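Right, one structure below, let's go through it.
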Amino acid sequence: MIAATVAGIPDSLGGKRMAIRVAELARAGLTPDWMPGAVPRCVPTIVKQNQHGTHAGAIVVGTERIRVRGPDARAAWKTIDILACPVTFSPHPQQIDAARRGYVDWWQALGWVRDALILGGMLREVEVTDAMPKARPWKSRDGR
């Protein structure tokens, strides 16, 4: 009965793909990874290493002509490179959002399975309770 109910998760909640996910996580006794404690951090995309350690690399994004004075007080023009360090955010905020949307989708499907089992009343030796994991554990203490 439980397997049939899980297999019957409606398409609006993810259908067969969600049913497989719910079953796999249940077998393993796990919840989906919602990336607890994940904070996007700015990290360089180019990293260089030498005998002094690891540091961010830079790329040339343009040039600029500047006027410099020589030792004999004469002015000269010099072309210099404008350098920048390309960066990215890791983990990307969209990765965190996707993981948390996946958790919410799983939680809703799990609630549907729970309600269907309670309403069906077909289980004699298994008690289905109202207990559920936190809806949004990243939000607050009570998960709501």
Right, Ala116: surrounded by 10 or more Cβ atoms within 10 Å (Cβ to Cβ), of a type in the set (Gly, Ala, Ser) and either modelled with pLDDT of 95 or more or under 18 Å from the mean Cα position of the chain (by Cα) (or both) or not?
no
Looking at region 77-97, I want the residues that are under 10 Å from Val61 (Cβ atoms) and have a partner that is loosely packed, with under 11 Cβ neighbours inside 10 Å and of a type in the set (Ser, Thr, Tyr) with Cβ atoms under 7 Å, at least 6 apart or on another chain. Which pairs are those?
Asp81/Thr63; Ile82/Thr63
Restricting region 18-44 to residues that are touching a helix residue (DSSP H, G or I) at 6+ places or on another chain (Cβ under 9 Å) and charged (D, E, K, R), the residue that is surrounded by the most Cβ atoms within 10 Å (Cβ to Cβ)
Arg21
Can you find even one residue in region 45-53 that is surrounded by 10 or more Cβ atoms within 10 Å (Cβ to Cβ), touching a residue at least 40 places away in the same chain (Cβ under 8 Å) and either out of contact with any helix residue (DSSP H, G or I) (no Cβ under 8 Å at 6 or more places or on another chain) or not in a helix (DSSP H, G or I) (or both)?
yes
Of Ala58, Ala26, Ala76, which residue is out of contact with any Ser or Thr (no Cβ under 7 Å at 6 or more places or on another chain) and closer than 30 Å to Thr5 by Cα?
Ala26
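Test of understanding: among Trp34, Trp106, Trp112, Trp138, which residue is in a loop (DSSP other than H, G, I, E, B) and within 30 Å of Ala3 (Cβ to Cβ)?
On the way: Trp106 fails: in a loop (DSSP other than H, G, I, E, B); Trp112 fails: in a loop (DSSP other than H, G, I, E, B); Trp138 fails: within 30 Å of Ala3 (Cβ to Cβ).
Going through Trp34, Trp106, Trp112, Trp138 in turn, the sole match is Trp34.
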Which condition breaks for Pro91 when tested against (1) loosely packed, with under 13 Cβ neighbours inside 10 Å; (2) within 24 Å of the chain's Cα centre (by Cα); (3) not acidic (Asp, Glu)?
(1)
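The values are calculated or read from the model by the stated rules, or taken from the named source; none is laboratory data. Fair warning: this is a prediction, and the values are worked out from it, not measured in the lab. Because the Cβ atoms are built from the backbone with ideal geometry, glycine has one as well, and the counts that use them run over all protein chains shown.
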